[in-house]
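Following: one structure in structure tokens, then a few remarks.
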Amino acid sequence: MIEALSDAGAFIFDLDGMLLDNIPAHMRAWATFLAALGHEIDEAQFIRQYSGQSNADILRGVLGPQLSQNEVDAECERKETICRDLYRPHMKPVAGLTQRFNWFLCALCGLCGEGLLRLWAVIRS
């Protein structure tokens, strides 16, 4: 199947937990972020309750629905900054990814904007 896909011109992937092993960094980021706000988390319960949800949905689930959209956006960016800082030293594509395929990788993940550009630079190197 991989050989059949290698002729494709482009793919779109959700990298978080699929092509990048960054879920542990996300968990550490949530724990660090929420601890700074006075909230302790149980990792197993957190995963059961929030796995697959957006940062905004998780934030509202933990802190409450009263947050304004501006507050949610700012706090989500703070959490993502923590995650990028934790993951940066370990950032690399899955072994064989760039050697196997000759295509442009579009990434839809929590590493949006500047973080995504840094990731793309690592993948292309």
Report the extension gain between residue 23 and residue 51 in nm, rounded to one decimal, defined as 0.36 nm multiplied by the number of residues separating them, less their alpha carbon distance. 9.1 nm
Cα gyration tensor of the range 23-90, axes a ≥ b ≥ c as square roots of the eigenvalues: rounded (a/c below 1.5), prolate (a/b > b/c) or oblate? oblate
Taking 75-85, 35-45 and ranking on average Cβ neighbours within 10 Å, highest first, one gets 75-85, 35-45
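Read-outs throughout are calculated quantities, based only on the coordinates presented, and are distinct from any laboratory measurement. What you are looking at is a predicted structure, and each value in this text was computed from that prediction instead of being measured. In this analysis, Cβ positions are derived from the backbone assuming ideal geometry, glycine residues included, and neighbour counts consider all displayed protein chains.
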